[in-house]
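*Asks:* Starting off with a structure, shown below.
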Amino acid sequence: TSSCLHSSVSTQTCSTFFCVSDTRQARSGLCNPSLTCRSHTEDSPGCSSLTTKELQQNWRAVKQRERPVRLLFEIPSTRIVEHVLHKYVLYQVVVMRSGSFDSRRVSVERRYSDFSRFHHKLLEEFDEELEEVQLPRKLLSGNFSPESIGERRLALQDYLAKLYATRCVRHSPCFSAFFTEQEQRRAHGLLRAGQFQPAAELLQTVLDIQEKLLPWQKPTLLVPALAALTVCYRDLDEPEQAFSAAQRAMPPVRRYGLTRYRAPLLELLVDLGYQLGRPVAQLQDELTALRDAERGEASSHSLKEVVIQEFL
């Protein structure tokens with residue numbers, strides 16, 4: 001049981017309090033405002049002077065943070081693309097996270113054929129687990145009628161929800177690749193062509209989606225996008241953003257031994273650090289030790305050279 005101890009109580013405030021509990025309330029340091037208060041000394045740790053309304057707001061905030069995070073998928077719209085010899089429907093797929101306010105509605109567009117390839121790839125790996133998960137069938141006619149498009153839109157939305165509910169699927173690299181690989185390939189194509197601004201915008205979309213997927217994926221998931229974004233920002237003469245992106249990439253690179261990224265990222269961080277007036281002694285020492293350990297092989301390629309070889 002929880003109790004709230006205090007020195008003086010009015011109808012609006014509990015002057016000083018702390019929680020005694022084995023539950024999450026105690027770990028959060030907040031009291032449930034509906035609990036009864038008993039007197040305690042004024043110098044109790046964790047005390048506060050909050051109105052009942054403020055306590056209730058804080059309590060709701062704590063409970064909101066404790067909600068389990070889930071992925072949600074929405075297909076709110078479609079569009080028909082027509083070419084000379086063929087046409088197809090593009091479905092806008094929005095990826096959201098529940099459990100907290102998701103301020104960025106990030107979306108990608110996929111064709112039915114993309115869903116079909118994705119499904120068959122999953123079946124190669126998880127045939128038994130997906131026995132009851134069916135991809136909406138391909139229609140032989142009437143594909144472009146508003147009724148058919150509307151029905152398929154809802155069916156594909158339900159299909160993604162069922163895939164996410166299958167544990168082995170949501171932890172699979174195929175799952176994240178479905179939502180980001182096309183955009184990563186386009187971004188790297190733009191980067192190789194020297195179109196760094198549109199490449200950076202596309203990579204930011206990739207990164208936003210990957211961050212939503214990260215709880216169910218390997219921590220190294222973000223590294224290729226962060227490395228490419230670093231290169232774009234460097235060539236766009238935005239050193240602060242380039243430095244920040246490279247810094248974000250370093251922890252998983254170090255921890256999981258991504259050797260092809262480590263020295264190029266360190267070299268770029270040292271250069272940008274000098275340019276920005278940041279402390280770089282530790283980065284320089286790490287780079288020197290890495291070069292000595294690998295006899296010069298660690299610094300044989302720049303970060304840009306590493307990045308442009310990916311997603312060919």
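The values are calculated or read from the model by the stated rules, or taken from the named source; none is laboratory data. Predicted model only: the values in this text are computed from it and were never measured. Neighbour counts are summed over all protein chains in view; Cβ atoms, including those assigned to glycine, are modelled from backbone coordinates with ideal geometry.
*Asks:* I'd like the full set of residues that are surrounded by fewer than 17 Cβ atoms within 10 Å (Cβ to Cβ) and either of a type in the set (S, T, N, Q) or in contact with a Ser or Thr (Cβ under 8 Å, 6 or more places away or on another chain) (or both), limited to region 250-286.
*Replies:* Answer for region 250-286, where residues must be surrounded by fewer than 17 Cβ atoms within 10 Å (Cβ to Cβ) and either of a type in the set (S, T, N, Q) or in contact with a Ser or Thr (Cβ under 8 Å, 6 or more places away or on another chain) (or both): Tyr256, Thr259, Gln275, Gln282, Gln284.
*Asks:* Still on this model: Identify, from the list Ala155, Ala227, the residue that is in the same structural domain as Ser116 (by TED's automatic domain parsing) and either of a type outside the set (Phe, Trp, Tyr) or at pLDDT 95 or above (or both).
*Replies:* Just one listed residue meets the conditions, Ala155.
*Asks:* Right, next: If Leu214 satisfies all but one of (1) over 27 Å from Leu190 (Cβ atoms); (2) at pLDDT below 95; (3) part of a helix (DSSP H, G or I), what's the number of the condition it fails?
*Replies:* (1)
*Asks:* Please tell me if Leu283 is within 30 Å of the chain's Cα centre (by Cα), aliphatic (A, V, I, L, M), at pLDDT 95 or above and over 26 Å from Gly194 (Cβ atoms).
*Replies:* yes
*Asks:* Same structure, new question: Across region 55-102, which residue is surrounded by the fewest Cβ atoms within 10 Å (Cβ to Cβ) among those that are among the charged types (D, E, K, R) and modelled with pLDDT of 70 or more?
*Replies:* Looking at the filtered set, the residue picked out is Glu82.
*Asks:* Could you say which residue among Leu140, Leu123, Leu191 is outside the structural domain of Leu258 (by TED's automatic domain parsing), at pLDDT 95 or above and of a type in the set (A, V, I, L, M)?
*Replies:* Going through Leu140, Leu123, Leu191 in turn, the sole match is Leu123.
*Asks:* Turning to a different aspect of this structure: Return yes when Leu265 is in contact (Cβ under 8 Å) with a residue 24 or more places away in the chain and not in a loop (DSSP other than H, G, I, E, B) and no when it is not.
*Replies:* Judged against the criteria, Leu265 is a match.
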